[in-house]
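Working notes, structure below.
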Amino acid sequence: MPSKSRKAESDILATVHESVKGLHKVGLVDKATMREFDAMCLTPVTPMAPEEIRALREREQVSQPVFASYLNVRKDAVSKWERGEKRPDGPSLKLLNLVKAKGLQAIA
């Protein structure tokens with residue numbers, strides 16, 4: 001679960017992003033600056049250790065097949081990630097990071 005300071009930082013960043021989006025809409029902020037603000041607001045993608053993936057799935061209280069369904073991967077993939085036989089990457093890793101930051105309902 002995110003800490004209070006992380007949550008406050010996230011709320012502030014969201015507010016600033018909305019303000020800049022409004023300024024962009026009326027032509028006071030150029031596309032390049034808007035892209036920079038968009039990038040700052042993305043959920044960071046960091047590699048996850050097998051035990052982190054298992055703990056994340058258990059935190060969400062779902063089985064491997066259900067977790068796999070949410071992530072749109074095979075159950076075998078989740079099993080291999082949790083045993084350290086393979087490492088998630090690309091869209092799967094992005095989804096795992098979103099679930100870590102915002103919970104399973106964020107991708108439901």
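Here is how the numbers come out for the structure above:
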quantity	calculated
Checking Met48 against (1) exposed (fewer than 15 other Cβ atoms within 10 Å of the Cβ); (2) in contact with a helix residue (DSSP H, G or I) (Cβ under 8 Å, 6 or more places away or on another chain); (3) farther than 19 Å from Ala108 by Cα, the condition it does not meet	(1)
Residues within the range 87-101 that are over 26 Å from Asp11 (Cα atoms) and surrounded by 15 or more Cβ atoms within 10 Å (Cβ to Cβ), tallied	1
Residue within the range 49-62 that is of a type in the set (Asp, Glu) and outside any helix (DSSP H, G or I) present	yes
Ala101, sole failed condition from (1) assigned to a helix (DSSP H, G or I); (2) more than 13 Å from the chain's Cα centre (by Cα)	(2)
Selection within the range 73-98 - in contact (Cβ under 8 Å) with a residue 12 or more places away in the chain and charged (D, E, K, R)	Glu82, Arg83, Arg87, Lys94
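A short reminder: the numbers here are calculations on the coordinates, not readings from a lab. The model shown is predicted, which means the values in this text are computed figures rather than measured ones. Methodologically, a virtual Cβ is constructed for each residue, glycine included, from the backbone with ideal geometry; neighbour enumeration extends over all protein chains shown.
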